[in-house]
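The values are calculated or read from the model by the stated rules, or taken from the named source; none is laboratory data. In this text the structure is predicted, and so the values were computed from the model without any measurement. Note that each Cβ is placed from the backbone with ideal geometry, even for glycine, and that neighbours are counted across all protein chains shown. Note: areas computed on protein heavy atoms with side chains; ligands, DNA, RNA excluded. Shrake-Rupley method; radii C 1.70, N 1.55, O 1.52, S 1.80 Å.
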Amino acid sequence: MGKYIVKSLLQVIPVLFIVSLIVFILVRVTGDPVALMLPETATAEDRAVLTQALGLDQPLYTQYVKFLGSAVQGDFGQSFRYGQPALELVLERLPASFELAAAAMFFAVLMAVPLGVISAVKRNTFTDLLISGISVIGKAMPNFWMGIMLILLFSVMLGVLPVSGRGGLSHLILPAFTLGVGLAAQMTRLIRSSMLEILNQDYIRTARSKGLGRMTVIAKHAFRNGLIPVVTIMSLQFTSLIGGTLITETVFSWPGLGQLLVVAVNTHDMAIVQAAVFVIAFIVVIVNIMTDVSYRLLDPRIKYD
Amino acid sequence: MKKRQWTGLWITLLAIVMVLSACGGGGKDTANNTTAEGSGTEGSSASSTLTIAAATDIESFDPHNNNNTASEAVLVNVFDYLVKNDSQQKKVPALAESWEQVNDTTWRFKLREGVTFHNGDPFTSADVKYTLERVAKDNTLKQNSYFKNIVEVKAVDEHTVDIVTDGPDPLLLNRLSKMGAGMLPAKYIEDKGMDTFLKEPVGTGAYKFSKWTKDDRVVLVKNENYFGGEPKWNEVVFRVIPEASTRVSELLAGGVDVAASIPSTDIARIEGEADKKIVKAPIQRVLQLIFRQTEGSITADPKVREAIDLAIDKQGIVDSIAGGAGIVTRTSVTPGNFGAEPSLYKTSLYDLDKAKQLLKEAGYEEGKAEMTISVSSQYKEQAEVTAAMLEQAGFKINLDVLEPSAFSERYSSKSFKEMFMIGIGNSLFDASNNYNRYMVEEAKGESDYNNPEVEKLLQSALVNMNPESREKEYQQVQQIFAEERPAVYLYQMEGVYGTNDKVNFAPRSDEMFYADEITPAAK
């Protein structure tokens, strides 16, 4: 197990290297930040001066080598927009995004676990059908639309929750719920099918025939094994929550990584885009390793060499 | 038995939903409470927090390294200029009490005495020297291009400075009253460094910096020692809400007092609320089509350009796309700017039959006059309607809609085809800003406009220190442009704001939010 973790961690390096190369090239071939930075009245000469000052007149490979040299020391360059170190700006945003992602995950689990289990236990009944229907709707509803509808209902009409921004717990409810619903829908389906498979297995029948109560069997024997695919989906979703809350963060003006990245892309703030993608890639890789490890904890039969 | 357990769960869920809906019963009251809370302390006096929502965040607290109106709109409350534009865009004393022209290249400013920065340091001529020389000399700063003609700032005494330019500069006062001329504390920055300054900025303005959470909010608090008297609000909060429908919802829910950039589709919704209203004001931005007049280009033919002008129903675009928030014009130098020609304002030409006629005279059969219009996606709808109108007159239009960043790259590399649509602002409030692009050198490769008479007038106006004859020069240029049409002007845009009945807010044409010009409504 320890050996496995060390090996995985070593594999992180080439992955991050490739990610940095791709992002670096993409950011540079898609547009010129200088044009966006200067006022409309700036002359060609002004642009040349700024291009040179930012080092953007140098060949791409020179720029990359320079970038890589600084990046390994944790320096991802200065944000053009804010004039501050890019990595610092990105890390500053992480807590907000983590907070939102964790709350969304909490909502998702809260909804999906009971619904998924009920659905499996009551397979092919009306309840099952109802839950399936709800989860299809939940999955199909665009985050953007749902966010706006929730704001209209709970903030504008009922006035019980704040519309946007980050503040206390009340600010967290709507965006986290918006993000959590799609995830819950997916998890519900997964828990249902995973539970169904397990409920048909011999050891469940054995447990039942020993005379154990139905609830005990479901809770103690089936549920634990049914969790494995859920953990997979949770980890995959958590990473996409961190990087991909773009739309939800924009709707609720939640000052997280997603919003930072959207603005950075729009303003061609290269350093921020690079640093943000790098950090997201890093989180994805780490979470994947943690997922593998948690499989092992959940199911002792899974072994890593 | 088991069945009953699950049913119990369902009943609990239902109960929660019902409790939530019950809260909704008293919804109006709750909403009002949120309003009061969101706007600070309650009491006999009007609420003392002003909350304004804008679509974009400030870039930083460095007035020299910022290039967007949204930043300046916030920063004017923290940093003062030597000269200020009042709400009619007239130059009035601010940190400078008076000024005079010593000779063609030197201006002398008398500074106001007894002014202090937020950290207690006195404001003196050393601060003016530091501020202006920094922005004039550091060519990596975004505001540098507006100030680089300042050669030197001489501190004559503690409260007198001479500003020396590299040639006669009729625009010096305009430069000194815009972003980039916000006065910085020289001693504080020299002692603590720029990084500290950016985290804890200090100015002389009516409001002091309190907190900035990027992409969320900027919080400012009252400067008790403001030279202009006690500020009106205890606290001013600028919130960043990029999504328009969320901004509107915040206004409706009472979370903000003023919301900027209201989309035309939401105007009716806000006006339908008893305690909310829409206020509008023309802004410094004119939507226009700029033509390429290079030999061989179809738009080099004056008849074609005239046909384009006549084929577009500008008022129709204002009404259909901009929700009425626009003023048609035949010049881009609108009132409030130096050199405006009022006779060309609030009018437009539209004559579809004559446009068809002109196109025929120019030798083009129906559908043969093919052109490309490039436009940034922010003006996509306006461009689509324009294209449809031009096709009605017999043109064949290719619409080239670009992402804003792709557009500005093409714009600065001057690689558009027959024409491009763009909204051009004017932060200097002077006609020169509108016309420098038509001077032979600048026009090369973009419009290739070349008219020796216009060139002479523009060159002269650039250094003409006599305001009267200078104004005439620009008015003459506008008359020539109205005939020659190097560009067709569609309309001057208007800023659309939503406010609640707790504040009196009259928007400014420069889109600034001077917090003290927004007053609590009398109860």
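Scanning the range A:116-127 for residues that are in contact (Cβ under 8 Å) with a residue 60 or more places away in the chain and within 12 Å of chain B (Cβ to nearest Cβ), we see that the one that is nearest to A:K220 (Cα to Cα) is A:V117. Across the range A:192-226, the number of residues qualifying as in a helix (DSSP H, G or I), more than 14 Å from chain B (Cβ to nearest Cβ) and over 30 Å from the mean Cα position of the chain (by Cα) comes to 10.
Among the residues making up the range B:435-445, those that are modelled with pLDDT under 90 and under 20 Å from B:R285 (Cα atoms) are B:N436, B:R437.
Looking at B:E403, B:E441, just one residue is at the interface with chain A (Cβ under 10 Å from one of its Cβ atoms), over 28 Å from B:S377 (Cα atoms) and of a type outside the set (V, I, T), and that residue is B:E441.
In this entry, A:A35 is excluded by the filter for residues that are more than 30 Å from A:A185 (Cβ to Cβ), within 8 Å of another protein chain (Cβ to nearest Cβ), hydrophobic (A, V, I, L, M, F, W, C) and outside any helix (DSSP H, G or I). Only one of the numbered conditions (1) on the phi > 0 side of the Ramachandran plot; (2) surrounded by 14 or more Cβ atoms within 10 Å (Cβ to Cβ); (3) within 13 Å of another protein chain (Cβ to nearest Cβ) is violated by A:G77, and that is (3). For the range A:136-158, the candidate set comprises residues that are assigned to a helix (DSSP H, G or I) and at the interface with chain B (Cβ under 7 Å from one of its Cβ atoms); within that set, the residue that is farthest from the chain's Cα centre (by Cα) is A:M157.
Here is a yes/no grid of residues against (1) of a type outside the set (G, A, S); (2) in a loop (DSSP other than H, G, I, E, B); (3) within 11 Å of another protein chain (Cβ to nearest Cβ):
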site	(1), (2), (3)
A:V19	yes, no, no
A:I22	yes, no, no
A:F67	yes, no, no
A:E92	yes, no, yes
A:A102	no, no, no
A:P114	yes, no, yes
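Total residues in the range B:248-265 satisfying the condition of being within 12 Å of another protein chain (Cβ to nearest Cβ) and closer than 23 Å to B:Q382 by Cα: the figure is 1. Report yes if A:L161 is of a type outside the set (S, T, N, Q) and part of a loop (DSSP other than H, G, I, E, B), otherwise no. The answer is yes for A:L161.
Consider the range B:190-218 and keep the residues that are away from every other protein chain (no Cβ under 14 Å) and part of a helix (DSSP H, G or I). The one that is surrounded by the most Cβ atoms within 10 Å (Cβ to Cβ) is B:K192.
Among the residues making up the range B:248-263, those that are touching a residue at least 12 places away in the same chain (Cβ under 8 Å), of a type outside the set (A, V, I, L, M) and surrounded by 21 or more Cβ atoms within 10 Å (Cβ to Cβ) are B:E250, B:G254, B:G255, B:D257. Only a single criterion out of (1) of a type in the set (D, E); (2) under 29 Å from B:K214 (Cα atoms); (3) in contact with a strand residue (DSSP E or B) (Cβ under 6 Å, 6 or more places away or on another chain); (4) surrounded by fewer than 20 Cβ atoms within 10 Å (Cβ to Cβ) is not satisfied by B:D57, namely (4). Does at least one position in the range A:230-245 carry a residue that is more than 10 Å from the chain's Cα centre (by Cα), more than 10 Å from chain B (Cβ to nearest Cβ) and open to solvent by less than 10 Å² (accessible area, probe 1.4 Å)? So far as the range A:230-245 goes, yes, one or more of its residues are more than 10 Å from the chain's Cα centre (by Cα), more than 10 Å from chain B (Cβ to nearest Cβ) and open to solvent by less than 10 Å² (accessible area, probe 1.4 Å). If you go through the range A:158-189 and pick out every residue that is farther than 26 Å from A:P229 by Cα and of a type in the set (D, E, K, R), you end up with 1.
Of the residues making up the range A:167-206, just one is of a type in the set (F, W, Y) and in contact (Cβ under 8 Å) with a residue 24 or more places away in the chain, namely A:F177. Number of residues in the range A:35-49 that are within 14 Å of A:M270 (Cβ to Cβ) and either modelled with pLDDT of 80 or more or loosely packed, with under 15 Cβ neighbours inside 10 Å (or both) equals 0.
Filtering the range A:254-305 to residues that are surrounded by fewer than 16 Cβ atoms within 10 Å (Cβ to Cβ) and assigned to a loop (DSSP other than H, G, I, E, B) leaves A:D299, A:P300, A:R301, A:I302, A:K303, A:Y304, A:D305. Within the range A:38-65, the set of residues being assigned to a helix (DSSP H, G or I) and within 14 Å of another protein chain (Cβ to nearest Cβ) comprises A:A44, A:E45, A:D46, A:R47, A:A48, A:V49, A:L50, A:T51, A:Q52, A:A53. Every listed requirement among (1) more than 14 Å from chain A (Cβ to nearest Cβ); (2) under 29 Å from B:S177 (Cα atoms); (3) of a type outside the set (D, E, K, R); (4) outside any helix (DSSP H, G or I) is met by B:V454 save one, (4). In the range B:395-444, which residues are more than 27 Å from B:A362 (Cβ to Cβ) and among the aromatic types (F, W, Y)? Residues satisfying the conditions are B:F407, B:Y411, B:F429.
Quick grid of which residues meet (1) more than 23 Å from B:K142 (Cβ to Cβ); (2) modelled with pLDDT of 90 or more:
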residue	(1), (2)
B:A388	yes, yes
B:L399	yes, yes
B:S415	yes, no
B:N426	no, no
B:D448	yes, yes
B:A461	yes, yes
B:M465	yes, yes
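Note on the range B:219-246: residues that are free of Cβ contacts under 8 Å to residues at least 24 places away in the same chain and within 14 Å of another protein chain (Cβ to nearest Cβ) total 4. Residues that are surrounded by fewer than 20 Cβ atoms within 10 Å (Cβ to Cβ) number at least 3 in the following helices (runs of 4 or more DSSP H) confined to the range B:332-445: B:352-361, B:380-392, B:404-412, B:440-443. The set of residues from the range B:93-106 being within 21 Å of B:P168 (Cα to Cα), touching a Phe, Trp or Tyr at 6+ places or on another chain (Cβ under 9 Å) and open to solvent by less than 30 Å² (accessible area, probe 1.4 Å) comprises just one member, B:A96. Which count do you get for residues in the range B:264-294 that are part of a loop (DSSP other than H, G, I, E, B) and without any contact (Cβ under 8 Å) to a residue 60 or more places away in the chain? Selection size over the range B:264-294: 3.
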